[in-house]
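Reading through the structure tokens given below for one structure.
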Amino acid sequence: MKHLLKSIPVPSIEPFKQWLPFSCLSMATIAVLLMLGSSCTTVPDAVVVPPQVEGAHFVGNQKCADCHGEHTRHFAGSVHSRFFKETSQFHEVSGCESCHGPGSKHIVAGGGKGVFIHNPGRDPQPCLNCHQEKHAEFRLPQHHPVLEGQMNCVDCHDPHGREIFKQSGGLGLARQDQQCAQCHREQTRPFVFVHEGMQDGCTTCHQPHGSIHEKMLTQRDAHLCLRCHSQMQFDPNQVLVGKVDHSTFLAMGTCWTAGCHTAVHGSMVNPRLLY
Amino acid sequence: MPTRFAYSLSLPSLLFAVGIQPALAQNIDLSALPSPAQRTIDFRADVLPIFEGHCFQCHGDERPKGSFNLRHRETALEGGDYGADILPGDSENSPLIHYVAYLEEDMEMPPVGKAERLTREQVATLRAWIDQGVVWSTDEPSSLTYHVEPAISTVSVSGNEGVFREQNWQNDGLTGGIGSFSLADRMDDGTRVEVQGRSIFGTEDHEIQLTLEQPNLGFLHLGYDQFRRFYRDNGGYYAPFGQSTPSLGRDLYLDNGRTWIDLGLTLPKWPTIVLGYEHRYREGNKSMLHWGPVFPADPLAAGKGIFASAKQIDEETHIVKLDVNHTWKGWTLEESFRGEFTEFDTSRVVADFTPLGARVADTASRIEEDYDHFQGANVIRVEKKLKPWCLVSAGYLYSDLSADAGFNLETFLPSNLATAPFQGDSSRSIILDRDSHVLNVNTLLTPVSGLSFFGGIQNDWTSQAGVGDVFVFGSPTGLGANLDQITTEENFGLRYTKIRNTVLYLDTKFQQREIGQRENQFIDDGFPDATDFMRDTDAHMDHKEYRTGLTYSPWTWASLDTSVRRRLRQNEYDHRRDTDLGTFAPPGNGFSAFVRSRATETDDLQIKLTLKPWSRVRTALSYRLTATDFTTATDSVDVFGTVFPASNLLSGNYDAHLYTVSTTYQPKQRLYLSGTATLSDLRTTSGVTDGTLLVPYAGQVYTFLGTATYLASKTLSWDSTYSFSMADFGQADTGLNLPIGIDYDRHGIVTGITKKLSPQSQLRLQYGFFRYDEPTAGGANDYRAHGIFASYRRSFP
């Protein structure tokens, strides 16, 4: 926590200072005041904007559970259960209908895929209503084509928390990077000499929703590698990494773009991951 | 749910098996039935509203309770688990009437709490309808719906067309086709047919999906889709060279596609069985960041890695899958099998030496790889609700992968292809195997109202082996690598919702991983040196993650979400053996031979405040802080007699502040405005950062997304979207390093009108302007683009 407090927050926001009057501190103050002044009623739509179904009204999770028990019975173990409130006034903003829309017409119609109900599996908008920062990342120059309709959120995420081959933090047999491996087989296949950093997961180096950098890297220069591969330097004219002075190579570009360690995920023949 | 319609495998099954229907098995007081209505019954006006209000929520097309589907005449007359429920012409003895009249104990329909009980008049109506022959309205409007939306667009780009295509996933020039189409129909027996898709030529964006579903029988899902990923073809930029970024002069793109078919069997009381096949492919050329060095004429000047490179990919995957799912005596049983055959060939060219100003390299390396594997994976999973408050589940996954690979590296002269290439490392026989066993046990407990707990433990045993006979520097070489790892992961979570308007949560994740890794290489060249080695490393990795937070909504106009997360990762490496087989070569050449341990420590704080100060305004403010420290401990290093002592240093630091402001505003009923702005302030340094050769990687990313929609009339609307992003990660040229940070600003505006020509048709016209400037690329990536997009949608009904 000490480390955390040290970092709060010294943003450089010069060009847009006038647009960002809320610092972390002021937001926290507002939050505390809100908590102290708690009253009795809550208008549900203060939290999220659930998708609309014309002429339908909200019915609550229990009605959904009648037919969709395979999802609802695991829901308490999912990430989204952090926001689920049991009281009825929260049905539309924290339960099934906050993502799928009001369900009354769907029920009257006897159910059915897409019958008076939203399926965020095809349309990311219900997800983006809450995950606004992800929406912004999808607008960066390099991004997965979710807004373009070629992918959707559930290709990688399991919102209900049990899909056995996807990471969810819930009850499934999820394994690290499985969701990336289903498309990026070349990078996640076994290698004779594997980059040890792969143990930390794809998101150590890649920003999966969107990035300003090509290949959706989290950083574009050699810091991406040197965060882990640094060692104490003793000669100001050298950059020692392992037993090799890398100063000349670093001056040519990054570890992988200077034509050196080009097999960044692993190599079949070269233990130094040169090719 | 207290109804025997739902208990399809208990008493009703038994009764059905011996041919006794519940209604006939008991004494029914038929005198309590209301008399049939004395009028001609109209199905649509009199019966359908009763079904919609009281029955369809359980007895519709989707998973009808007791396998009784009232949506269609055929399925209604067929009955459910108890046999026929409707006897045409004989309402008095029709079980359905007994149920809805609440004459049979435990079979009252709708059950108490599900929907309102039918009135006597409604029961009388249903009786008359049955007595009159169960007439299903023939004038019911057609369930056929369809739409088709031809679309055409033209985009004119001045500047770097490749960058435009890459960033916007859109080809320039004239493109068009069917933007979307769909057709859906439902037959009288409940069979649903649906076709949907799109086909845009120019961007090679195609999709077609066919769905055929029959309740209580099965389904067929069939589909094909493809999209094209575009890439730029130019490399980096170094201002002192005074020349534009080198370009390959090629259109780079990769087609990604798949075809699939799923056949499902959904017979009542039977396990759900799905058999499927999928074919995926990726084919084309993509850009790489492995930029080759460009050298100026001055022989003392350093080269800069800016020459573009590309990779040709031809990848195919075939997947066979079988899923079986069944519920039996409260146990849910799942069995999933995946058999996957993947093969690909790749070829990439990296320039080794390019004189400044040359369009082709003097020398380049071509690296070709071929690879194929078969991977079989099987999952068995069971789950049961032992008590209303206790759910348990367990699963076992086994996967086995066997792969063959080949590799070839050669150096050639691009300007003189007639010259035989110089053969580098190569191999035709590399074999890899990977086996995994994963065992998982979970529980979800809700012991008291408002409190839930989940916990799970997962063990993953993975063993991987790779061996190869390769030629290194032209000499036969044996190499091998084994990797054995055991990973144990524990997940726990708590949710507490009994504090008014509040959810408190705590999630933890612990992971321990033990790794044993052995690598060896011996080159049969008669020169034992540092390239001949043998390594045996034991590694221990310990990962802890804690997250706690709350969501709180105290007033009608405010809500707060906040959480704190801390992640700790500690990796320890014990180099049991790290031997270079050369006589004079000092040991410790391989990674991570000089690293003894490394640790990352991440703190994450998130606060989100949502406000609705006025009925027409909603705004959300959020802040996120992520701070990570990387620490590395290294062994002492002997560099040709000079010994550098062991050290422990802060090898990296990453700080990120993310601010988001989002607002929607509806000043008038017909006008809707929304906007989201974000600011990311990022800074990364490493233990090598010295301000000259390596400067901090720091800067801000700004984004804004705004939309406006105005409904001018019932048939005319206008909407606009403006998106903006910019970054200032540009690095100063110190004369030593290659400045590689990026400065850019990007704008995109799309505005247009939608005109409803009739209730079934509408026309959409849009204009778009896109602009991108990247000063750190010397303007080589800049573009301006104007686009016109038109579509016409025709739908029925």
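Where a number appears in this text, it was derived from the coordinates with a stated rule and is not lab data. Keep in mind that this is a model prediction, so the values were computed, not measured. Cβ sites come from the backbone with ideal geometry, for glycine too, and all protein chains shown count toward neighbours.
Report relative contact order for the stretch B:466-553 in percent, whole number only (criteria: Cα-Cα under 8 Å, sequence separation at least 6).
31 percent
Label zone (B:Val441, point 7 Å along Cα-to-C-beta; backbone nitrogen cut-off 19 Å) within the stretch B:369-412: B:380-387, B:390-398. Between A:His206 and B:Leu386, what is the FRET efficiency for a Förster distance of 45 Å, r being their Cβ-Cβ separation, to the nearest 0.05? So the FRET efficiency works out to roughly 0.65. For the pair B:Asp362 and B:Asp524, label points projected 7 Å from Cα toward Cβ lie 3.6 nm apart. With bins 10 Å wide starting at 0, give me the P(r) of the protein assembly as shown over every alpha carbon pair, in whole percents. Per 10 Å bin, starting at 0, the Cα pair percentages come out as 2, 9, 17, 21, 21, 15, 8, 4, 2, 1, 0.
Each residue of the stretch B:38-50 was assigned a 3J(HN,Hα) from its phi angle through the Karplus expression (A = 6.51, B = -1.76, C = 1.60, θ = phi - 60°), giving 9, 7, 6, 8, 9, 4, 5, 7, 9, 9, 4, x, 5 Hz with x at Gly and Pro. Based on alpha carbons, the Rg and Dmax found for chain B are 34.2, 110 Å.
Each stretch of four or more DSSP H residues adds -39500 (n - 2.57); spread over every residue of the protein assembly as shown, this sum gives -3000 deg cm²/dmol at 222 nm. Neighbouring Cβ atoms from other chains, within 10 Å of the Cβ of residues in B:245-255, number 0 on average. Couplings 3J(HN,Hα) for the stretch B:260-271, derived from phi with the Karplus relation 6.51 cos²θ - 1.76 cosθ + 1.60 (θ = phi - 60°), are 8, 9, 10, 10, x, 10, 10, 5, x, 6, 8, x Hz, where x marks Gly and Pro.
Note on B:380-388: average number of Cβ atoms from other chains within 10 Å of each residue's Cβ is 1.
If you take the Cα centroid of the stretch B:28-98 and the Cα centroid of the stretch A:188-240, the two points sit 66 Å apart.
When the trypsin sites (Lys or Arg not before Pro) in the stretch B:475-576 are filtered for DSSP coil states and for at most 12 other beta-carbon atoms within 10 Å of their beta-carbon, the remaining sites are B:Lys498.
Restriction of the GluC sites (Glu not before Pro) in the stretch B:65-138 to DSSP coil positions whose beta-carbon has at most 12 other beta-carbons within 10 angstrom yields B:Glu105, B:Glu116. Look at the alpha carbon pairs under 8 Å that are at least 6 residues apart: their mean separation over the length of the stretch B:239-295 gives a relative contact order of 36 percent. Residue-wise HN-Hα couplings along the stretch A:261-275, as the Karplus relation 6.51 cos²θ - 1.76 cosθ + 1.60 with θ = phi - 60° gives them from phi, are 7, 7, 8, 5, 8, x, 9, 7, 10, 10, x, 8, 6, 6, 7 Hz; Gly and Pro carry x. Contact order for the stretch A:47-175, expressed relative to its length and based on alpha carbon pairs under 8 Å spaced 6+ residues apart, stands at 27 percent. If you plug the beta carbon distance of A:Gln238 and B:Ser182 into 1/(1 + (r/R0)^6) with R0 = 60 Å, you get a FRET efficiency near 0.40. With 10 Å bins beginning at zero, the pair-distance distribution over Cα atoms of the stretch B:704-797 amounts to 15, 31, 23, 16, 10, 5, 1 %.
Counting only Cβ charges, +1 for Lys and Arg and -1 for Asp and Glu, the dipole size of the stretch B:259-320 around its Cα centre is about 160 debye. In a reduced charge model with +1 at each Lys and Arg Cβ and -1 at each Asp and Glu Cβ, the stretch A:47-175 shows a dipole moment near 200 debye about its Cα centre. Counted residue by residue at 0.36 nm each, then reduced by the alpha carbon distance between them, the extension gain from B:Asp189 to B:Tyr398 reaches 71.1 nm.
Hydrodynamic analysis of the stretch A:185-267 uses the Kirkwood radius over alpha carbon pairs. Inserted into Stokes-Einstein at 37 °C and 0.692 mPa s, it gives a translational diffusion coefficient of 234 µm²/s. Modelled this way, with points 7 Å down the Cα-to-C-beta line, the labels at B:Phe374 and B:Ser247 are 4.8 nm from one another.
Report the full-extension gain for the segment B:Ser142 to B:Leu736: residue separation times 0.36 nm, less the Cα-Cα distance, to one decimal in nm.
206.4 nm
Residues within the reach of a label modelled at B:Phe337 (point 7 angstrom out along Cα to beta-carbon, backbone nitrogen below 19 Å), restricted to the stretch B:241-283, are B:261-266, B:271-279.
Built from the Cα atoms of the stretch B:255-410, the convex hull projects on average onto 14.7 nm², one quarter of its surface area. For the stretch B:35-110, applying the loop criterion from DSSP together with a ceiling of 11 other beta carbons within 10 Å to the trypsin sites (Lys or Arg not before Pro) yields B:Arg39. Label-to-label distance for B:Arg39 and B:Ser156 is 6.9 nm, based on points extended 7 Å past Cα in the beta-carbon direction. Within chain B, the longest run free of chymotrypsin sites (Phe, Trp or Tyr not before Pro) that sit in a DSSP loop with at most 16 other Cβ atoms within 10 Å is B:103-388.
Averaged across B:630-638, how many Cβ atoms of other chains sit within 10 Å of each residue's Cβ atom?
4
With a Förster radius of 25 Å applied to the C-beta separation of A:Gln187 and B:Ser426, the computed FRET efficiency comes to 0.65. Angle check, please: helix B:120-131 long axis (alpha carbons) against the longest principal axis of chain B (alpha carbons), in degrees 0 to 90, nearest 10. In chain B, helix B:120-131 runs at an angle near 90 degrees to the longest axis. Dividing the convex hull volume of the alpha-carbon atoms in the stretch B:264-334 by its residue count gives 129 Å³ per residue.
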